[in-house]
Amino acid sequence: MKLSNKLFWIVILIGFTGLSAHNYLGPEHEKHLDHPVKGEHNPHPGWVPREMRHSGGPDSFGYVFQDSHEPDGPEFFYLFPDGETITDMGDDDYSGPIQLPFDFTFYGETYSQVYINSNGSISFGNGSIVYNNTVIPDQGSPNNIIALFWDDLDPSSGGTIEYGTVGSSWVCSFVDVREYGGNGTISAEVILTDDNEIILQYLELNNGIHIGGETIGIENSNGIAGLMASFDNNPGSYPQESLAIRFYQIEPDASVSGIVIDQETQEPISNAEVVFGAISTTTDSNGFYEQSEIWSGTYDVTISKDGYLDFYQEEIEIMEGENVLNAELVYSGFPSGLVGYWTFDNPNNLVGASVGNDLSLVGTHAPAEGPEEGDGAVNIGVGSFYRCYHDIEANGYYSNPDWVNIFTIVMDIKIPLVGQWYTIYQTNWPNSNDGDAFVNPEGQVGVSDTGYSLYSLIPGEWYRLVISVNLGVHYDYYLDGQLLHNGGPQGFEGRFSLYPANDANQVLFFADNDGDDNPLDVAMLGLFDRDLSAEEIESMGGYGHEFESPPSTYMTPFLQTPTPNSIYICWHSDGSTESKVEYGLTEELGQISTGSYHTFSESLIWHWVKMENLLPDTDYYYKVISDSSESSIRLFQTHHPYSDTLSHVRFAIYSDSQTYPSVHSSVVGAMKETFEERYGTDYYQEVHLAMLSGDIVDNGYSVGQYTNMFFNPIAQVSDHLPYMTVAGNHEMEAPEFYHYLKYEDFGGTEGEKYFSFFIGPVLFIGLNSNVQGNTQLNWLEDLLETAQNDDAVKFIFASLHHPGQSETWPDGNTWWVQNQVIPLLASHEKVEQLSYGHTHAYERGATMEGNLRIMCFGGGGGYLDRWRMYSNQVDYPEIHRSHDYHGYTVIDVDCENDSYTATAYSLGNSDVQMDNEEFDSWFRDRNASPPETPLGLYPNAGNGDIDGRLVASPYTGEIDIMSSQFQLKEAGDAWSQLIIDSKRDWENVYYDTGPPNYVPIDLNAGIDLQRYQIPEGALQSSQLYEWRIRYRDQNLLWSDWSAPVTFTAMETGNTVDFSADITEGDVPLLVRFTDFSTGDPVLWSWDLDGDQITDSGEQDPEWLYELSGTYNVSLTVNYQNEELTITKEAYITVGQFSQVDISFNEGWNMIGLPLEVENPNYQILFPEAVENT
């Protein structure tokens, strides 16, 4: 069964050339996730430079540019705005919206506000934090920009940004702004004039700033049109100081028209789309089109119509005046975009192409019978496959793709039997990887990353299999015109991307590297350079098989914005605008509430109903209804009033769930499993919330990603467990993101961008680290002050997306978070934790002062940031643990007992498989006391070893030790004038051992927090110093500082000494000894009970005295060349002591105290004051 038996040809009337064959192998190009490295000027290998000069254009909107080197170009005249100064712009940050003094028209749209972006650009509609520059135009983010010097700039490390009005113009000036990771600076400005012109001026380029990695130009709102003056090194040494570039729009000076006809019938083709660059029109019923206003210049032209092969020609020149371009299209029966078609009808040339290039056989094949009489087919042998040279250029939904990310594969196949594997295609041209789509032994279609279909192929029957791919958006399987399986968006530039035309230019059909490629019959292969829609795939038909479609993404309830008396119930439908919920206290329901909707497309409607006047702490049954569609009956529970002391508030938190829905689904499934194990199947009555710290999709403007990456994976819990999320950078502040949120009841000063809400006495705060700025900080400070003074508020937990500092991915560090948000949160004692993501890994620590925990768990579904992935990974002192794991955290707040516990669970990574394993935990108990105040044991009053150790008394506290802090200064100086200030922690899990076991490394394993080694040369001989010590427990409570100890630094040589934390007491008596011998001891030998026998070889032993008596204690220390011993006689006294309260007056000379003593060995010990009377 073929769509057509014709041999296809493309007929081009004006310089139109056909496809030519490729018969070479490109270089091996290892496929991997290409993270642009921040701070490096990243190459753009997919871009072939055209010569850029000092003028250019027009683009498809008539924009041209000239610089001041042109005879009639603009004059360089630098303007200095007298307006506002942005001094707190962070790295990869933006400010806005900023009001313009006039309306400005840009690419046909009028704007009254502008955003200023830290990386050298301004934009309209949205700000941008993208640091890696790309070609203009490009449909990936950012769009709608004016790129002054788009590169990785960092105003937080130097420079300011000023803006304001100068005459009739608005000016944005970058003043000495530093490049990221370097010393180079730029001073340049964007000028917007009131007659809609743009002038870029470059004043100073200092300290060797790199000018070979920037983009200069303009681009419209969808990235279709744009004009570039400079990109990377083209032109060379550009820009220069004292340069001005003027962008302006010229009037159309040309027109173009023509007729599009069927090549065979010569009949006109109506509704064909004719595209010149970014300008499009369609043909009428007579096949005629006309573009009456266009600019003379060079255009890439595409003419397409479903059922015909595309007409495409690069660099067609449109002359001033009238132009004519006619075209004949060749009928195919396929949708547009076909680049390869093979029918296997000719047994003498099975690899011959009807469209595109011939296939190249590796191995063996043989002719076979096709689906219908007269149709041919091929049987591809074991270990055999076809190389397909597809000629598809790099493409993709996101910016600057290096790979083919959008394509569709069509094939008619028949498997002989089940019980064995069959390979569909392979993206790795050397065939050294596993295949990328299979029919498994059960007859199901898919691969592990996408999952497998529920339906199984029947052996001996023909099927039309279609795989429609737009990586980062969708990856879908169809069978006989019906949706077979949703594979999720899959990774952009990842496993499923193809080698582009300028690289190996291949996809392999039926290839696998390890024998999962058994023989099967193939009657047709087709390849498209775009992702076909469901409607187009349905129109292509198949072989009539019917099966149950995969579970619908529609009518699945999603809960958000919970309160004691209300909740939002939301869902998707496929076209209905009715938004209705039936609900009640039993499954009989009986009550109705209605809401509203937002239309994303004709087939995708987002519904919401705000359920109000509900009873607190009550179970409700419900179902959602949109016309004839409805969900099954579900169940949720309302929350307690915040003023009530709810016994427990429990929630889960994780982040960065984008890219891989299968991973996200696994994380949610593991989370649900934990809830059921800890709280039973009705866990929704015990667990109140799931919270995300942003990046729920790869691209916030892609509506399809919200369903595939977020709503589908969480559907297993989100109909009974409310979900809330903050905005991540990948949400891009897109309107689509905020259409999905219903946070207006919780919103801050700037609406839903940031928010707060209560569950019982726990306040949750969601911040927006995309927006940043003082407006949000002022709102946060007011909120914290109010909560701090409200006795009904017990605990506060905050979330945002960006970290202050990150160990596994330091490029994500955010100045605004580290220097403004975290200090503000830490200054309010009710705030217990700040959770974030951005880094795709797990990190946990605490601030130096106060009780604020900081936690990143960005392992919700995106590519992990692994150890050894970045050269600038760094060990930060406030981070105690870092792991490159997927997983989530569960927090249980015990409101009645003023405490909480947190447990982190891991699913591991591709090298370390973990089955929902608990790998970290922490807690807070507000009823616990801080550690006891330590003593400074050595050096004590007198002389101290100039290169020795500071030794403190042993740690004593209710809760285990977490940290010690030693400080040392010159005597007489303030404690702010420190020579030594060392805080160390009981653990510091950083990095791992690498292959094969990837064991986490604790850099502080075996650390001695009781001692601090004075660095060589830190002290001066005979100088007087003071030092002190404090301890912190794992409850984040610091002890008081010890009393300062003053000593004189001297060369002491080897000396032996020790102390005990207690020298007398009741039987049994536990004594902790501390060695503070100087020099470099090798061995210790303790006689702790005076019997001349060694009792311990530890440096600081503990000893339990179980018999009354007085004991000598000896310590022998071995050095490399000598042995020294010290004995303290009658050092420990152990007995049975009774404490008697007496009154004593210094004027008395006698005390009478009746005391009956039966044991003659009793001693009577008096205070020193009594003994001296």
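Just so it is clear, none of the values below were taken in a lab; they were calculated from the coordinates. On a predicted model such as this, the values are computed, not experimentally measured, just so you know. Positions of Cβ are backbone-derived with ideal geometry, glycine not excepted, and every protein chain shown enters the neighbour counts.
Below is a table of values for the structure above.
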{"quantity": "Antiparallel content of DSSP bridges confined to the chain, in %, to 5", "calculated": "90"}
{"quantity": "Three-way shape call for the stretch 566-637 based on the alpha-carbon gyration tensor, with the a/c threshold at 1.5", "calculated": "prolate"}
{"quantity": "Reciprocal of mean inverse Cα separation for the stretch 387-541 (Kirkwood radius, Å)", "calculated": "15.4"}
{"quantity": "Anisotropy class of the stretch 675-768 from Cα gyration tensor, a/c 1.5 cut", "calculated": "oblate"}
{"quantity": "Helix 661-679 vs. the chain, principal-axis angle (Cα, 0 to 90°, nearest 10)", "calculated": "40"}
{"quantity": "For the stretch 937-996 versus the stretch 323-353, the gap between their alpha-carbon centres in whole angstrom", "calculated": "76"}
{"quantity": "With Cα atoms, 0 to 90° folded angle of helix 774-788 axis to the chain main axis", "calculated": "40"}
{"quantity": "Local net charge near Tyr684, Cβ-Cβ under 14 Å (Lys/Arg +1, Asp/Glu -1)", "calculated": "-2"}
{"quantity": "Whole-percent pair-distance distribution, where bins are 10 Å wide, for the alpha carbons of the chain", "calculated": "2, 8, 14, 17, 18, 15, 10, 6, 4, 2, 1, 1, 0, 0"}
{"quantity": "Local electrostatic count at Ile136 - Lys and Arg +1, Asp and Glu -1, tallied over other residues with Cβ under 11 Å", "calculated": "-3"}
{"quantity": "Separation of the Thr1127 and Glu612 label points, Cα + 7 Å toward Cβ, nm", "calculated": "8.9"}
{"quantity": "Mean Cβ neighbour count within 10 Å, used as a protection proxy, ranking 304-316, 833-845 highest first", "calculated": "833-845, 304-316"}
{"quantity": "Residues listed by number, the stretch 951-966, amide nitrogen under 20 Å from Leu1003 label point at 7 Å toward C-beta", "calculated": "962-966"}
{"quantity": "Cα centroid separation, the stretch 888-929 to the stretch 63-97 (Å)", "calculated": "50"}
{"quantity": "Global geometry of the stretch 141-212, whether rounded, prolate or oblate, following the gyration tensor of its Cα atoms and the 1.5 cut on a/c", "calculated": "prolate"}
{"quantity": "Label-point separation in nm, Asp103 to Thr681, each point 7 Å along Cα→Cβ", "calculated": "6.3"}
{"quantity": "Paramagnetic label zone (point 7 Å from Cα along Cα-to-C-beta, Ala928; backbone N under 17 Å) in the stretch 989-1033", "calculated": "1031-1033"}
{"quantity": "The stretch 417-503: mean projected area of Cα convex hull, nm²", "calculated": "6.2"}
{"quantity": "The stretch 59-249: equivalent-ellipsoid semi-axes (sqrt of 5 x gyration tensor eigenvalues, Cα, Å)", "calculated": "21, 19, 17"}
{"quantity": "Normalised contact order of the stretch 1058-1135, rounded percent, pairs of Cα under 8 Å and 6 or more residues apart", "calculated": "34"}
{"quantity": "Segments 188-194, 369-375, 601-607 sorted - mean Cβ within 10 Å per residue, highest first", "calculated": "188-194, 601-607, 369-375"}
{"quantity": "Peptide ranges 474-480, 362-368 listed from the most packed, as the mean C-beta count within 10 angstrom indicates", "calculated": "474-480, 362-368"}
{"quantity": "The stretch 260-276 - phi-based ³J(HN,Hα) in whole Hz, Karplus 6.51/-1.76/1.60, Gly and Pro as x", "calculated": "10, 10, 6, 4, 7, 8, 6, 7, x, 10, 8, 6, 7, 8, 10, 10, 10"}
{"quantity": "Unit Cα scatterers, Debye sum, the stretch 913-1047: log10 I(q)/I(0) for q = 0.14, 0.15 Å⁻¹", "calculated": "-0.72, -0.79"}
{"quantity": "Computed over the chain: relative contact order in percent, which uses C-alpha pairs under 8 Å that are six or more apart", "calculated": "6"}
{"quantity": "Local net charge near Ser60, Cβ-Cβ under 12 Å (Lys/Arg +1, Asp/Glu -1)", "calculated": "-4"}
{"quantity": "Listed pairs Lys623/Lys672; Lys830/Lys969; Lys623/Lys742; Lys969/Lys1128 exceeding 24 Å between Cα atoms", "calculated": "Lys830/Lys969; Lys969/Lys1128"}
